[in-house]
Ligand SMILES: Cc1cc2nc3c(=O)[nH]c(=O)nc-3n(C[C@H](O)[C@H](O)[C@H](O)COP(=O)(O)OP(=O)(O)OC[C@H]3O[C@@H](n4cnc5c(N)ncnc54)[C@H](O)[C@@H]3O)c2cc1C
Ligand code: SF4
């Protein structure tokens, strides 16, 4: 009997595992995908090798890359970018760690209080979460982003919009700033040279500006695993969880098993209440099934996989909200082409942002060629100049929105990938019941019926649509202000990578799955601790920091409720994940 | 095989490209080969012509996907010329994007046979009575009974159907809807014969989810799969464009997967000036901190 079983070692699960392992609980962390213990041997920097969603080392699938990826049903033009493996989707991410806007929490009474998704707020206040934000920020650690050329160009554009610069962690008003991100700032020779002989640890520390964030961070060369620049959880929380005995007094290392697909959460009636008792998981390699019992089970498989596991486990869905309210920030993509050098493919994928509480935000995003091309062709507005698919909006960009492809894309790319600046439009989108995960009628895979992700792209709420249009216009203004000679709007089809709130916690039992503690309303001792637990789309800020802050809070609730322990966030000091004790122990473990 | 009127059967096989690819001008099968006595097969359960038809379908798929990848990234090749957008610099064919698509579709898209098989069967057994006049049809030879039989036997066998074949069929079906003349001409496949604008028009039909096609496929699926199949079509339409583009701009054609090194500089890297000296450990692009601020507090 374990104390706690955590399902999924992505953005959220390792947070609970680390926090509770530090308290001496017996924690089992099960991850469906691979464990990339030796990135220098397993990874490269090639898009085909890394980012091919079918066969790349970053995909949703088992360790053995000659086996197919796990297919999921999306009954619309869309793309769900989720990853399996230790680190989960944070292996891909850019480490941007803005806090959620205060306006999406209970009790907010700013002048703009009615501008948010007021029907789907967090069931606690912003100030309740602040100590947890601070705890995660110190642990990762979160830093103010270093600036490269592409950020400088972004700021040049932002300066023309008449907005102030934000110099606080909390976003209070429309403003722009360098990202607060979970990327170690460059130190030593990092960021100052392209000579690879001068970029070995410890001569170089932190971000070397290599520009390969999407292909996985394994830099600086020779650094201990927990000191790689990008703080995906495979570099931060997971190393801490499995070395908890060396850095936490009374800590017990969590056990991590990769290639272990959880197919069922077990439950039984206890004292008249449905209660989680353990899990069954399947070894992807041998196909063997294992069953383990636990005092508490934590689901952290992500927004698409948690509902699937819930349904496949036969757990109750009384109000019908399991899998509903899936928010995705209704992204859009704007491309500016410049006469001058923008440094687009260098440095961290995104280090500058602009926030517009009540509407959403913008961030620059630098991409390598194939992803750049992919991003230019994922549209709901047909092909520019050919057909519009009933859309093709015009505005302060050039021509109608739509795919930039074929000869036009080739010409754009031939102008130089380092003469582009691309901006991600992030919408403050409403929680909508119709955007959801159900079980697919397509054939099951070896782990059971598969999830189906439905997005009603054209039926979003008026507020959501208004917000996206508003932010797209701001993006065009910013790009022009920065000196773009041409601005394209792609009108993305759903590119689902800021996934949120499909198992949401909420104020009302009518439209939420979880209590504010993260515990399932319908099943005792079953918690959800990842993006799916979020109450809403946060107003636009990237989700992982808030997920991890909420997961930390949930870990405390688990410890208090089921292990008679005391909370620690307000009384103890966090240990930073780059701690040398973690490095030494990881070295001893050969990791 | 349902006993559809031979003429409409013939039109249908022409529309998905099979008739032309097998028997048309430059076709891959000598007509005489379709006589069963002339063909041998390794599998005693399959009629001999199946062994002949398999490579034809593979070539048809390749030709169709050539038409698709140059649509994503034109180059100096004949397909880009036919499309009307030739380019002097290397394009999708030089970057190996067609192989990328075939490899992905046939080996990696984890698409269940339980769906692929009926979709392929629906496409091949489908109605031809679309009301579209096909002016080029008279250029194609009339033999089709054997061809039909071979296809049916192939699809009803328990061999996994390479997904590239139904995808090619879908594109060709749309192509002849957009331009009926595309049933014959240069290249093997109707889709590859289209102009850039016509290819775009074909995709417009898929994105709307062409109602004829949905009707055609729907009869083969019970609820709730029906809805999934039409949704899948929308997904496939988008994915074909996005994946072809990803493949054309990736290192696929020159990446040695065992050594994780490049055999040559990728087409997209030369085109866009990416990584002029190959992969790096870092760049000297660190300028400093905006307004000199290295940390913030509330
Ligand atoms: C390209 C890209 C860039 C991004 N950039 C940012 C950014 O800058 N900032 C930010 O905040 N967010 C960013 N995100 C989003 C970020 O990656 C997610 O917020 C975060 O990873 C979500 O964490 P999660 O735990 O909810 O899910 P995931 O990270 O997806 O983790 C779920 C894990 O659970 C495993 N799993 C699922 N089901 C099972 C099962 N049944 N049994 C066992 N294991 C299972 C999966 O394999 C996976 O490893 C980005 C995403 C992408 C794709
Ligand atoms: S740019 Fe920095 S954070 Fe991104 S992969 Fe390179 S070293 Fe890591």
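General remarks:
- For segment A:237-283 and segment A:510-558, distance of Cα centres in Å: 17 Å
- You can think of it this way: the chain between residue A:509 and residue A:572 has 19.3 nm of extra reach, that is 0.36 nm per residue less the Cα-Cα gap.
- Once both labels are positioned 7 Å from their Cα atoms along Cα-to-Cβ, the gap between residue A:589 and residue B:145 label points is 7.2 nm.
- Among A:413-423, A:181-191, A:224-234, sorting by the average number of other beta carbon atoms lying within 10 angstrom of each residue, highest first, gives A:224-234, A:181-191, A:413-423.
- Distance (nanometres) between label positions extended 7 Å along Cα→Cβ at residue A:456 and residue A:200: 6.0 nm
- Cβ crowding within 10 Å averaged over residues, with B:167-176, B:258-267, B:48-57 ranked highest first: B:167-176, B:48-57, B:258-267
- Footprinting exposure proxy for A:94, B:154 (fewest neighbouring C-beta atoms within 10 Å first): B:154, A:94
- Given R0 = 60 Å, the distance between the Cβ atoms of residue A:564 and residue B:227 translates into a calculated FRET efficiency of 0.75.
- Counting neighbouring Cβ atoms within 10 Å and putting the fewest first, the residues B:164, B:157 line up as B:157, B:164.
- Summarising the label geometry, the points placed 7 Å from Cα in the beta-carbon direction at residue B:8 and residue A:249 lie 8.4 nm from one another.
- Calculated FRET value between residue B:265 and residue A:161, using beta carbons and R₀ = 45 Å, to 0.05: 0.70
- Share of Cα-Cα pairs in chain A lying beyond 45 Å, as whole percent: 10 percent
- Rounded Å value of the spacing that divides the Cα centres of segment B:263-283 and segment A:392-447: 25 Å
- Per-pair calculated FRET efficiency, R0 = 35 Å: residue A:268 and residue A:127 via Cβ, rounded to 0.05: 0.35
- Fewest-first sequence of A:43, A:281, A:81 by Cβ atoms within 10 Å of each Cβ: A:81, A:43, A:281
- Cα gyration tensor shape of segment A:474-524, rounded if a/c is under 1.5, else prolate or oblate by comparing a/b with b/c: prolate
- Segment A:459-481 and segment A:74-131 have their alpha-carbon centroids 19 Å apart.
- The calculated 222 nm mean residue ellipticity attributable to helices in chain A amounts to -6500 deg cm²/dmol, summing -39500 (n - 2.57) over DSSP H runs of n ≥ 4 and dividing by all residues.
- Whether segment A:73-135 is rounded, prolate or oblate, judged on the alpha carbon gyration tensor where a/c under 1.5 counts as rounded: oblate
- Note on residue A:444 and residue A:114: the extension gain reaches 114.4 nm, defined as 0.36 nm multiplied by sequence separation minus the Cα-Cα distance.
Since every read-out is calculated from the coordinates, none of them should be taken as a lab result. Keep in mind the model is a prediction, meaning the values are calculated, not measured. Every residue, glycine among them, receives a Cβ derived from its backbone with ideal geometry; neighbour counts consider all protein chains shown.
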